[in-house]
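Peer 1: Got a structure for you, written out below as structure tokens; questions coming shortly.
Just so you know, all these numbers are worked out from the coordinates, no wet-lab data involved. Here the structure is a predicted model, which is why all the values come from computation and not from measurement. In this analysis, Cβ positions are derived from the backbone assuming ideal geometry, glycine residues included, and neighbour counts consider all displayed protein chains.
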Amino acid sequence: MSTSVTLRWYTKKLKLAHAFGISRSTRTHVENVFVEISCDGITGIGEASPNTRYNETPETAVAFLEKIEIPEDLNPADISSWINLLEQAGEGEYAAKVAAEMALWDWIGKKIDIPLYQLWNLNTDNSLNSSFTIGLDSIDVIKEKVREADDDGATILKVKLGSDHDKEIIEAIRLVSDTEIWVDANEGWKTLDQARDMVQFLGDKNVTMIEQPMPASEFELMKLLKPLSQIPLIADESFTGKQSLAELVEGFHGINIKLMKVGSLRKAHQIIDDAKSVGLKIMIGCMIETAIANTAGALLSLRADFADLDGWKLLSDRPFDGMKFGEGNRIVLNDLPGLGVTADTQ
């Protein structure tokens, strides 16, 4: 085996199908970083979707990748050495790190010619239905997005809240759809009274999960909110992969594992093991990503309770094919080696 490993990357601006709003911002485009690792005539691919919430941008991701120095004797099949190399390249930049690790896993799967779900002994019969995200917008636009999602077969709507008219949004959705709803407040409910009021209101609206109701800085209030909620509360911004799971369980029923936050597929597997051991439910989420990173997340979702892997569906620019949605937005993985992602030639 040749040990000449090459690493390259490029950025690409991707257009969203609709303007995407959360409690902090609204976007019409994202700029992601794509990583390629090549050796022995095989190329593995990965993707970074940096988020300014965690002080990461495409520019900082590229700056990190530029610092990686690959030893001449690196065995590309040695994932531990590769992860150590990434860690030694600098602090933070978890999106860039997971993109590079993702590319190596994809290379390994392609090298031995098996899908990663087989390499990791995962069962595709455990595939979940993914939610479809409805961003903050005007009431009329939200209702139209819900109709489109229902027409497209969505069985779970993930509705962004954290505005000054959250109840009006849910009431409007219920006028046009009875589809199951997950809610993501993105830290938007600032007081315990507000959060408690919303939890009680949503309990009558077929809402089955609430993500990050309060700011990550208000964990003491989350510990008071948890026993008041019959709806599972899932930590997103409150969980980046470094927090104590034994402590988080005091304020949340589960955690949202996003690869761009935890920075490693291998670490994500360990987090799932650890979270289950303390009784936390597992959600696998995503940023706005193409099929590359969403497919990597889909592999992890085979071990999860909830899947929110619709980033690729939110894009009008879809340069890659990988995971698909079957009936009811059930996640469907293919049997191609590695991640199972190919360039979209259409």
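Peer 1: Taking only Cα atoms, what is the 0 to 90° angle, nearest 10, from helix 291-301's long axis to the longest principal axis of the chain?
Peer 2: 70
Peer 1: Now for a different question. What is the helix-to-structure angle for 79-88, meaning the angle in degrees between its Cα long axis and the longest Cα principal axis of the chain, kept from 0 to 90 and rounded to the nearest 10?
Peer 2: That works out to roughly 70 degrees.
Peer 1: Considering only C-alpha atoms, what is the centroid distance from the range 55-99 to the range 246-306, in Å?
Peer 2: Taking the Cα centre of the range 246-306 as reference, the centre of the range 55-99 is 21 Å away.
Peer 1: On to the next question. Sort 280-289, 147-156, 211-220 by the packing proxy (mean of other Cβ within 10 Å over each peptide's residues), most packed first. Intermediate values should be presented prior to the final figure.
Peer 2: Details: 280-289: 24.2, 147-156: 16.3, 211-220: 20.3.
By packing density, highest mean first, the sequence is 280-289, 211-220, 147-156.
Peer 1: Please compute the modelled spin-label separation between A343 and K167, points set 7 Å along Cα→Cβ, answer in nm with one decimal.
Peer 2: 5.4
Peer 1: Can you list the lysines whose alpha carbon is less than 22 Å from that of K313, not counting same-chain residues fewer than 8 positions off?
Peer 2: Straight-distance partners of K313: K12, K13, K15, K143, K145, K158, K160, K258, K261, K324.
Peer 1: Compute the convex hull volume of the Cα atoms of the range 45-203, divide it by the residue count, and report the result per residue in Å³ as a whole number.
Peer 2: On the way: hull volume 28.1 nm³, N = 159.
It is 177 Å³ per residue.
Peer 1: When N counts the residues of the range 131-237, how does its alpha-carbon radius of gyration compare numerically with 2.2 N^0.38 Å, as a ratio? Don't jump to the answer; show the numbers that get you there.
Peer 2: Numbers: Rg = 13.2 Å, N = 107, 2.2 N^0.38 = 13.0 Å.
The value comes to 1.02.
Peer 1: What FRET efficiency comes out for E144 versus K67 if R0 is 35 angstrom and r is the Cβ-Cβ distance? Round to the nearest 0.05.
Peer 2: Efficiency, from the Cβ-Cβ distance: 0.15.
Peer 1: For the chain, what D do you get in µm² per second when you plug the Kirkwood radius from alpha-carbon pairs into Stokes-Einstein at 20 °C and 1.002 mPa s? Provide the component values of the computation, followed by the final result.
Peer 2: Numbers: Rh = 20.5 Å.
Rounded, D is 105 µm²/s.
Peer 1: Taking 2.2 N^0.38 Å as the expected size of a compact globular protein, what ratio does the Cα radius of gyration of the range 147-201 give against it, to two decimals?
Peer 2: Details: Rg = 12.1 Å, N = 55, 2.2 N^0.38 = 10.1 Å.
In units of the globular-protein estimate, the range 147-201 measures up at 1.20.
Peer 1: Continuing with the same structure: Counting only DSSP beta bridges with both residues in the chain, what percent are antiparallel, rounded to the nearest 5?
Peer 2: 50
Peer 1: In debye to the nearest 20, how big a dipole does the chain give about its Cα centre with +1 on each Lys and Arg Cβ and -1 on each Asp and Glu Cβ?
Peer 2: Working: 35 positive and 54 negative charges, 29 e Å.
Dipole magnitude for the chain comes out near 140 debye.
Peer 1: Related question: Listed highest first by mean packing, meaning other Cβ atoms within 10 Å per residue, what order do 71-81, 108-118 come in? Could the numbers behind the result be given before it?
Peer 2: Details: 71-81: 12.9, 108-118: 18.1.
The most tightly packed comes first, giving 108-118, 71-81.
Peer 1: D193 label point, 7 Å along Cα→Cβ, cut-off 15 Å on backbone N: hits in the range 155-184?
Peer 2: Backbone N within reach: none found.
Peer 1: Relative to the longest principal Cα axis of the chain, at what angle does helix 192-202 sit, 0 to 90 degrees, rounded to 10?
Peer 2: Helix 192-202 sits roughly 90 degrees off the main axis of the chain.
Peer 1: While we're on this one: Give the Debye-formula value of log10 I(q)/I(0) at each listed q (0.11, 0.14, 0.18, 0.20 Å⁻¹), with one equal scatterer per alpha carbon of the range 6-113, two decimals each.
Peer 2: Computed log10 I(q)/I(0) values: -0.37, -0.58, -0.86, -1.00.
Peer 1: Moving to a separate point now. Find the relative contact order for the chain and round it to a whole percent, using C-alpha pairs within less than 8 Å whose residues are 6+ positions apart.
Peer 2: Numbers: 749 pairs, mean separation 65.2, N = 346.
Normalised by residue count, the contact order of the chain is 19 percent.
Peer 1: May I pose another question? Dipole of the range 1-141, Cα-centred, from +1 at each Lys and Arg C-beta and -1 at each Asp and Glu C-beta, to the nearest 20 debye? Walk me through the numbers on the way to the answer.
Peer 2: Working: 11 positive and 20 negative charges, 104 e Å.
Using Cβ point charges on Lys, Arg, Asp and Glu, the range 1-141 gives about 500 debye.
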